[in-house]
Amino acid sequence: MNLKKATWAKKVQLSKGLAGLAPKEFDAPVTMAETGGLIMGEALVASPDLGGDLMFVPGGTGFKPHTHHGHHLIFAISGECTVTLGAEIHRLSAGEVCLIPGEVPHAVTGITDTMLLAVGTPHMPVDAADRLELVSFEVLTAELSSQIRCMGCSTHKLYERHEILGADGVVRCPNMKSGGQCRLDAE
Ligand SMILES: [Zn+2]
């Protein structure tokens with residue numbers, strides 16, 4: 001049996017002789033479905049039951065609200081994005097990981113350019129059209145709340161749908177800034 005092995009980060013030299021990790025370049029990037037051609041992915045290791053993929057989400061772009069079979073672990077390995085789960089927007093920064101229940105509507109949006117490592121079960125090819133099932137923004141919020149609460153805003157501000165849903169179907173908090181900052185902090 002062959003060992004499936006791939007590189008998801010490159011080693012870099014830190015101060016004091018310590019080694020660290022930095023995102024690697026894509027070897028064979030493919031366009032991910034339902035992202036307007038803006039998000040690229042690369043399968044690292046996969047079997048039908050389990051797989052790991054790299055995904056590059058340019059700042060301001062994102063995955064529209066969707067569900068999928070099985071759960072995902074999303075590791076942020078560079079940059080910063082938001083993860084909207086149910087009726088809450090959360091910040092996910094490099095060095096953090098979150099568990100996304102596949103059956104719960106959710107969305108991911110780059111605050112900055114973001115490299116993500118997604119580990120999921122079952123595993124679908126990164127460019128598979130049925131990797132995810134889009135849900136309407138009404139479905140994302142309907143059963144939970146008529147408003148979305150941003151946990152990245154210092155006041156955990158509530159937003160009406162039209163305030164955070166772009167014409168492209170991507171969820172964006174109007175106040176979220178990179179570096180853990182929120183424009184409300186300055187007010
Ligand atoms: Zn916010």
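Quick notes
- Computed on the chain, the Cα convex hull volume stands at 123 Å³ per residue.
- Cβ-derived FRET efficiency at R0 30 Å, residue 2 paired with residue 28, nearest 0.05: 0.95
- Chymotrypsin sites (Phe, Trp or Tyr not before Pro) restricted to the stretch 8-95 and DSSP loop, no more than 16 other C-beta within 10 Å: 26
- Lys pairs, the chain - Cα-Cα below 17 angstrom, 8 or more residues apart or on other chains: 4
- Across the stretch 28-186, the mean sequence separation of Cα contacts (distance under 8 Å, 6 or more residues apart), normalised by length, yields a relative contact order of 25 percent.
- Cα-centre dipole for the stretch 1-117 with unit charges at Cβ (Lys and Arg positive, Asp and Glu negative), debye to 20: 440 debye
- Adding -39500 (n - 2.57) for every DSSP H run of four residues or longer, then dividing by how many residues the chain holds, sets the calculated 222 nm ellipticity at -1000 deg cm²/dmol.
- Ranking of 81, 98, 150, 182 by count of other Cβ atoms within 10 Å, fewest first: 98, 182, 150, 81
- Under the Karplus curve 6.51 cos²θ - 1.76 cosθ + 1.60, θ = phi - 60°, whole-Hz ³J(HN,Hα) for the stretch 113-122, x wherever Gly or Pro sits: 4, 9, 9, 10, 10, 10, 10, x, 9, x
- Among 61, 114, 35, the largest mean-square fluctuation in a Gaussian network model of the chain (Cα springs under 10 Å) belongs to 35.
- Estimated at 0.36 nm per residue, the fully extended path between residue 93 and residue 161 surpasses their Cα-Cα distance by 22.1 nm.
- FRET efficiency for residue 168 and residue 45, using Cβ-Cβ distance with R0 set to 25 Å, rounded to 0.05: 0.20
Values in this text are rule-based calculations from the coordinates and carry no lab data. Quick caveat, the model's predicted, so the values are computed rather than measured. Every residue, glycine among them, receives a Cβ derived from its backbone with ideal geometry; neighbour counts consider all protein chains shown.
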